[in-house]
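Before any comments, here is the structure.
Just so you know, all these numbers are worked out from the coordinates, no wet-lab data involved. Every value quoted in this text rests on a predicted model; they were computed, and no experiment measured them. Methodologically, a virtual Cβ is constructed for each residue, glycine included, from the backbone with ideal geometry; neighbour enumeration extends over all protein chains shown.
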Amino acid sequence: MYTKFCAALSKLSLILAVIGLIAVILCVQWQVIGRYVFNDTPTWAEALAMLLVLFVTAFGLAVGVRDAGHIGLESLVVLLPEKWQHRIEILIHILVGIFGGLMVQGGWLWMTAKWGEKKPMLPVPDGIDYVPVVIAGVLIVLFSIEHVIALVRGTVVEPAWN
């Protein structure tokens, strides 16, 4: 049941990342059209595109952690005895989960500290830049827990896009 929940979260994150990427492309296109066709550069387009890139990156990062697409040192782990390989894989996912927890903590602190300030080009709080860090951190913690459970059970986490 937890795996189904994480798979659904991963699919949703992937869908939101794709939608965000399309929105980034549209913002940049609108900025180019505004500048060169209408001779009136929309000031909000670049700021919105940069904000969307943060969300796209956060969702993509979380999906990468769940689907084991993050950077790993498998070549070193493979050299260890099988019993140690299993332990190291669990340790790696625990450390990734701790990193996700630190992302949540740090992102939350910065988000709340900057929430009272306004972005110059968009009518949103400046702290919104840190919301993707918090979201990605929460997802990374959940997905790391899923990997640890799967390793303990001897199962494999299937990628969300299958």
(message) Output the 0 to 90 degree angle, nearest 10, between the alpha-carbon long axis of helix 2-36 and the longest principal axis computed from the alpha carbons of the chain.
(response) 30
(request) Just need the relative contact order of the stretch 2-153 here, percent rounded to a whole number, with Cα pairs under 8 Å and 6+ apart. (result) 27
(request) At 7 Å along the Cα-to-beta-carbon direction for both Asn39 and Thr57, put a label point, then send me their distance in nm to one decimal. (result) 3.6
(request) Indicate the gyration tensor shape class of the stretch 108-162 (rounded, prolate or oblate), computed on the Cα atoms with a ≥ b ≥ c the square roots of the eigenvalues: a/c under 1.5 is rounded; otherwise a/b larger than b/c is prolate and the rest oblate. (result) oblate
(message) Quick check: the angle from helix 131-153's long axis to the longest principal axis of the chain, C-alpha only, nearest 10 degrees?
(response) 20
(request) Mind ranking 49-56, 132-139, 17-24 by how tightly packed they are, going by the mean number of other C-beta atoms within 10 angstrom, highest first? (result) 132-139, 49-56, 17-24
(request) For Leu12 and Met121, compute 0.36 nm times the residue count separating them, minus their Cα-Cα distance, and round to one decimal in nm. (result) 36.4 nm
(message) Order these by the 10 Å Cβ neighbour count, fewest first: Met111, Met103, Met121.
(response) Met121, Met111, Met103
(message) Given the -39500 (n - 2.57) contribution per DSSP H run of 4+ residues, what per-residue ellipticity at 222 nm results for the chain, rounded to the nearest 500 deg cm²/dmol?
(response) -26000 deg cm²/dmol
(request) Set the Förster radius R0 to 41 Å, insert the Cβ-Cβ distance between Ile149 and Ala113 as r into 1/(1 + (r/R0)^6), and round the FRET efficiency to 0.05. (result) 0.75
(message) Just checking my list [x] 65, 34, 32; [y] 51, 41, 31; [z] 45, 33, 28 against Cα extents along the principal axes in Å computed from this structure; which label fits?
(response) [x]
(message) Taking 0.36 nm per residue of sequence separation and subtracting the Cα-Cα distance, how much length would be gained by fully extending the chain between Leu102 and Val156, in nm to one decimal?
(response) 16.9 nm
